[in-house]
Amino acid sequence: MEEWIDVLNEDGTKTGEVVTRKEVHEKGLLHRIVVIAIIDKDGHLLMQQRAKDKETNPGKWDVSVAGHVSSGQTSIEAAIREVQEEIGMQLRKEELKYIFTYKQERKIKDHFISNHLFDFYLVKRNQIDLNQIKIQESEVEQVKLCDKKEVKEMLNENITVERKLVYEKLINYLK
């Protein structure tokens, strides 16, 4: 099934143009991504390892969930959908705390230009039961809970998706 994406102006407003996910990357058109970090009351971050056959960052560790905002969706709706799809967790919009938005553009391959506005959200849960996580195997290899020390080690080892701004802010929430 083809995923349709709203193209954005530099200020983040929709242009009215809707294209396929493939086309948005081939042409390097600006579009929105959600990034969700889920932490427990003890300050552990739920991290996912991306599936090994992903086009970008295969096998790298990442925050809890990240994904495209589909055409017609709000950022919050996309965050709730992506969390449900990738790890099988139900979220309520009240649980999502908006942290900030940032822009990143880089050429991944000749036919793949990443030109994104990222909306970063934080979710705090009392407990995260890894046995309740139902991973979407086409997206996620595995998940684990990480404390601040382990997250810093993973960043130093360069085995995480490049999200410097997210991790700089997120590290303050971890123990």
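The values are calculated or read from the model by the stated rules, or taken from the named source; none is laboratory data. Just so you know, these numbers come straight off a predicted model, no measurement behind them. Cβ atoms come from the backbone with ideal geometry, glycine included; neighbour counts cover every protein chain shown.
Observations on the structure shown:
- Count of residues meeting criterion [surrounded by fewer than 20 Cβ atoms within 10 Å (Cβ to Cβ) and part of a loop (DSSP other than H, G, I, E, B)] in segment 58-71: 4
- The condition of being more than 30 Å from residue 129 (Cα to Cα) and in a loop (DSSP other than H, G, I, E, B) holds for only one of 2, 55, that being 2.
- Of the residues making up segment 104-124, those that are surrounded by fewer than 16 Cβ atoms within 10 Å (Cβ to Cβ) and over 14 Å from residue 162 (Cβ atoms) are 109, 110, 111, 112, 124.
- Within segment 33-50, being touching a helix residue (DSSP H, G or I) at 6+ places or on another chain (Cβ under 8 Å), surrounded by fewer than 23 Cβ atoms within 10 Å (Cβ to Cβ) and outside any loop (DSSP other than H, G, I, E, B) holds for 39, 47.
- Scanning segment 119-175 for residues that are more than 13 Å from residue 46 (Cα to Cα), out of contact with any helix residue (DSSP H, G or I) (no Cβ under 7 Å at 6 or more places or on another chain) and of a type in the set (Ser, Thr, Tyr) yields a single hit, 138.
- Residue check, residue 123 touching an Asp or Glu at 6+ places or on another chain (Cβ under 8 Å), of a type outside the set (Phe, Trp, Tyr) and under 12 Å from residue 63 (Cα atoms): yes
- Meets criteria (within 18 Å of residue 79 (Cβ to Cβ) and either at pLDDT 95 or above or in contact with a Ser or Thr (Cβ under 6 Å, 6 or more places away or on another chain) (or both)) for residue 42: no
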